[in-house]
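S.K.: Below: one structure in structure tokens.
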């Protein structure tokens, strides 16, 4: 098979591992900087050009699109889909998961456990918004934030009011969520491939920090998850329409709650924590499922 990996940085661990696993399985792989792809959008023969030449046909495409280039990256991915190339994760599913508000609304509609979450547009509504999520301490998250950036823990109602006012004053959209104190600064990353949790790790925040992201200095170790947590992760992935994703779960007093569904989960932390060949599993999934024009969400916007 000929596989394209959409990744801007050839030195990223995840990119290198996916290429290595695909080549080991006997496939031809090419890494493409998504911002250097440009498209001929036509009904007759849609095509993608790269650095001055038209790209050859690929059997499958693996999107590793950074959050900062989601708009252009998903446009390129859509073009591959129009050309009949099998996407590991589809453009519609990727766009859903990157819109944090939309993702939470979709998960809520399916009855999946979530932290109590509020969203508002006007400073006049802040006090009621804070009450709505149970008061301080609470977590305030920028919709555009990634890897724990733009996430603030407000210890008091006054502090929460001040942070939310600041964000609204800068015309920045933010979610307000209940703080799951019992999680103790840790979360569980469930790695889902094809509606199956293939690995799970517990991420713990460093001392004095409440964000458990490894990019923020958190540590990770292998963890055994419960059947309910497994089912929650699989349902969250299915709701987003993602074949491969990382589902971040907190253990709350009222059961597992989903914090985020990550459509481009890093492989380094999960492979090191679990010792599993996650990249190899992803390539096997592609081998089993890649068929020309096989897109479940095609035409759904």
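S.K.: What ranking do 190, 245, 37 get, fewest neighbouring Cβ atoms within 10 angstrom at the top?
M.R.: 37, 245, 190
S.K.: Work out how much length residue 2 to residue 165 would gain on full extension: take 0.36 nm times their residue separation and subtract the Cα-Cα distance, in nm to one decimal.
M.R.: Stretched fully, the residue 2-residue 165 segment lengthens by 53.6 nm.
S.K.: Looking at the chain, send over the antiparallel percent of its DSSP beta bridges, to the nearest 5.
M.R.: Of the beta bridges lying entirely in the chain, close to 80 percent run antiparallel.
S.K.: Dimensions of region 238-288 along principal axes (Cα, Å, largest first)?
M.R.: 39, 26, 15
S.K.: How would 248, 33, 128 line up from fewest to most surrounding beta-carbon atoms within 10 angstrom?
M.R.: Ranking 248, 33, 128 by Cβ neighbours within 10 Å, fewest first, gives 128, 33, 248.
S.K.: If you restrict to DSSP beta bridges whose two residues both lie in region 2-96, what percentage is antiparallel, to the nearest 5?
M.R.: Once the DSSP bridges in region 2-96 are tallied, antiparallel ones form about 35 percent.
S.K.: Also, quick follow-up: May I ask you to list the residues of region 181-198 whose amide nitrogen lies under 12 Å from a point 7 Å from Cα along the Cα→beta-carbon direction of residue 253?
M.R.: 181-183
S.K.: Residue 284 label point, 7 Å along Cα→Cβ, cut-off 17 Å on backbone N: hits in region 229-267?
M.R.: Only 244-245 fall inside the zone, counting backbone N under 17 Å.
S.K.: How high is the FRET efficiency between residue 105 and residue 42 when r is their beta carbon distance and R₀ equals 51 Å, given to the nearest 0.05?
M.R.: Efficiency, rounded to the nearest 0.05: 0.90.
S.K.: Over every pair of different alpha-carbon atoms in region 73-209, take the mean of 1/r and invert it; report that Kirkwood radius in Å.
M.R.: 17.1 Å
S.K.: Kirkwood Rh over alpha-carbon pairs of region 1-65, then Stokes-Einstein at 37 °C and 0.692 mPa s: what D in µm² s⁻¹, rounded to an integer?
M.R.: 263 µm²/s
S.K.: Between residue 23 and residue 181, what length comes free when the chain is fully extended (0.36 nm per residue of separation minus the Cα-Cα distance, one decimal in nm)?
M.R.: Between residue 23 and residue 181, full extension yields 52.4 nm more.
S.K.: Which three lengths, in whole Å and largest first, does the chain cover when its Cα atoms are put on their principal axes?
M.R.: Reported extents, whole Å, longest axis first: 58, 41, 34.
S.K.: Cα atoms only, region 117-179: Rg and Dmax in Å?
M.R.: So, for region 117-179, Rg and Dmax equal 10.2, 30 Å respectively.
S.K.: Angle check, please: helix 227-240 long axis (alpha carbons) against the longest principal axis of the chain (alpha carbons), in degrees 0 to 90, nearest 10.
M.R.: 60 degrees
S.K.: Here is a follow-up. Can you tell me how much longer the chain between residue 75 and residue 54 gets when fully stretched, taken as 0.36 nm per residue apart minus their C-alpha distance, in nm with one decimal?
M.R.: That pair, residue 75 and residue 54, stretches by 5.9 nm at full extension.
S.K.: For the chain, find the longest principal axis of its Cα atoms and tell me its angle to the long axis of helix 13-24, 0 to 90°, nearest 10.
M.R.: Helix 13-24 and the main axis of the chain meet at about 30 degrees.
S.K.: Let me ask something else about it. I need two numbers for region 182-263: Rg to one decimal and Dmax as a whole number, Cα atoms only, in Å.
M.R.: Every Cα atom of region 182-263 included, Rg and Dmax give 12.1, 37 Å.
S.K.: Taking the Cα atoms only, what angle lies between the long axis of helix 278-289 and the longest principal axis of the chain, rounded to 10 degrees?
M.R.: Roughly 60 degrees between the two axes.
Values quoted throughout were computed directly from the atomic coordinates according to the rules given, and no laboratory measurement underlies them. Note that this is a predicted model, so its numbers are computed, not measured. Backbone-built Cβ (ideal geometry, glycine too); neighbour counts: all protein chains shown.
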